[in-house]
Amino acid sequence: MTNALEVTAPDGVPYLDAAREFDYPARQVFRAHVDPEVYAEWIGPDRLTTRVDGFEPVSGGSYRFVQTDDDGGEFAFRGVFHTVRPDEFILQTFEYEGYPDHASLEYLHFEDLPGGRSRMHGRSLYPSVETRDNFLSSGMEAGMAAGLDKLEQLLAFATA
């Protein structure tokens, strides 16, 4: 992919920043984050399939999805949408149920760029540096990059 994910995790602070550009408008990238059927198709790496158990992407709504690997192992995630502004912003919590009590607060901004392109950038704030580092060491960055590459491919297919 020509649009690489950029992740910055500064030493000594409990957050990370992530950014990625897309060859599609912000409204399309945003929609892929709030449409449960589309979300299930791209979230995470190829080795996982996703089942959405609940998805209410409005301010005050909640979500839960479960990812399954080839061996039948399940990984469940849940959270609350605190603020959703169509085509521009999502503020939500994110918690891996296998690591309870360590939810992150996720800020996602969607902005249009010239030429029908867009940029998504966000910050994930964790309860501690240790929690952030544990998520990073689990392969989270590679999983995020793989999922966003799949999202770019889905957008290409949808507009073809």
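Observations on the model:
- Filter pass, A9 being in contact (Cβ under 8 Å) with a residue 60 or more places away in the chain, out of contact with any His (no Cβ under 8 Å at 6 or more places or on another chain), on the phi < 0 side of the Ramachandran plot and surrounded by fewer than 17 Cβ atoms within 10 Å (Cβ to Cβ): no
- Any hit, segment 34-49, residues being without any contact (Cβ under 8 Å) to a residue 24 or more places away in the chain and either part of a strand (DSSP E or B) or touching a helix residue (DSSP H, G or I) at 6+ places or on another chain (Cβ under 8 Å) (or both): yes
- Of the listed requirements (1) outside any loop (DSSP other than H, G, I, E, B); (2) over 14 Å from V34 (Cβ atoms), F110 misses just one: (2).
- Qualifying residue in segment 16-25 (condition: of a type in the set (A, V, I, L, M, F, W, C), within 18 Å of S124 (Cβ to Cβ) and buried (at least 17 other Cβ atoms within 10 Å of the Cβ)): yes
- Only residues that are crowded, with 16+ Cβ neighbours inside 10 Å and over 21 Å from S138 (Cβ atoms) were counted across segment 42-80, and they come to 4.
- For segment 91-112, taking the residues that are closer than 14 Å to A19 by Cα and within 15 Å of the chain's Cα centre (by Cα), the one that is surrounded by the most Cβ atoms within 10 Å (Cβ to Cβ) is identified as F110.
- Criterion applied to G143, G115, G122 was being in a helix (DSSP H, G or I), closer than 20 Å to N3 by Cβ and under 12 Å from the mean Cα position of the chain (by Cα), and the one residue passing it is G143.
- Selection within segment 6-24 - assigned to a loop (DSSP other than H, G, I, E, B), of a type in the set (D, E, K, R) and farther than 16 Å from T131 by Cβ: D23
Bear in mind that the values in this text are calculations on the coordinates, not laboratory data. Keep in mind that this is a model prediction, so the values were computed, not measured. Reconstructed Cβ throughout: ideal geometry from the backbone, glycine too, with neighbour counts over all protein chains shown.
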